[in-house]
Amino acid sequence: MKLSEHKELKIEILALPPKEKDKLLLRLVAKDKVLTEHLHFILLEDESHLRDRIATIKESILQNMQSLKELKKLNAKDVLVNLRKLAKQVNHNLRVTKASFEDVELRIFLFNNTITQFKSGIFSSNRNYEQLFASYFVKSTLITLRKFDKLHEDLQFDLQEGMNNLLTKIYNGNMAKIAHELGLPEQI
């Protein structure tokens, strides 16, 4: 049931006494973890907390990719699984903070630090995962580029070098064909 479809309900909710509204609000907020975290961020945190959140996620990305590099048989499947897990952290941060500049910054950082070269034999069963990885990586970069384009030009300037490094990484690697097919530019 959507509140917008029931105008009478909305009117009645607004007519409730403040104490009752407060109780209902607290009950609703308690049921949604992301909303609770978002309200905590808005009401109790400041700019330094946002920087700490970003630094923590960046450190997590670096540690995760370093642990992957230490594997003897690094393959696309392992990297794809970890990339999706780290992207989930970045998405969660956006839902909590609603910070679009930091979201694009984190995505560029994530993709620039992701391993994209794998050792595979001719008859390797990982070929499908390599294509799946390449497709995911390029499509995610396209989404990041669209978010980048929506930022103010001064903010774009701050992220332009990282974005161009990411595009160069894609076109110098084995993902150039997919990137070209999907219309990803070579530089900004």
With DNA, RNA and ligands ignored, accessible area of H6 (1.4 Å probe; Å², nearest 10): 60 Å²
Reachable aspartates and glutamates, given that their alpha-carbon falls under 12 Å from the alpha-carbon of K147 and they are not under 8 places away in the same chain: E102, D103, E105
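Could you work out Rg/(2.2 N^0.38 Å) for the chain, with Rg from alpha carbons only?
Values: Rg = 21.2 Å, N = 188, 2.2 N^0.38 = 16.1 Å.
Expressed relative to 2.2 N^0.38 Å, the Cα Rg reads 1.32.
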In the range 59-138, the chymotrypsin sites (Phe, Trp or Tyr not before Pro) that fall in loop regions by DSSP, at most 15 other Cβ within 10 Å: F123
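What is the ratio of the Cα radius of gyration of the range 99-188 to 2.2 N^0.38 Å, where N is its residue count, to two decimals? If you can, show how the numbers build up before the last one.
Numbers: Rg = 13.9 Å, N = 90, 2.2 N^0.38 = 12.2 Å.
Here the Cα radius of gyration is 1.14 times the empirical estimate.
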Fluctuation leader among A55, A76, A134 - the chain, Gaussian network, Cα springs under 10 angstrom: A55
Solvent-accessible area, 1.4 Å probe, carbon plus sulfur percent, for the range 69-188: 51 percent
Average accessible area per residue (Å²) across the chain - probe 1.4 Å, nucleic acids and ligands excluded: 67 Å²
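Show me the helices of the chain, taken as full DSSP H stretches, that run 15 Å or more along their long axis by Cα and average 0.0 or above in Kyte-Doolittle hydropathy.
Passing helices, by number: 33-44, 100-112.
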Percentage of interatomic Cα-Cα distances in the range 28-134 larger than 17 Å: 59 percent
Distance (nanometres) between label positions extended 7 Å along Cα→Cβ at H49 and L14: 3.0 nm
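The values are calculated or read from the model by the stated rules, or taken from the named source; none is laboratory data. What you see is a predicted model; the values in this text were computed from it and never measured. As a convention, Cβ positions derive from the backbone with ideal geometry for all residues, glycine included, and neighbour counts pool all protein chains shown. Ligands, DNA and RNA are stripped out before the accessible areas are found, and what is left, the full protein with its side chains, is counted by its heavy atoms. Shrake-Rupley method; radii C 1.70, N 1.55, O 1.52, S 1.80 Å.
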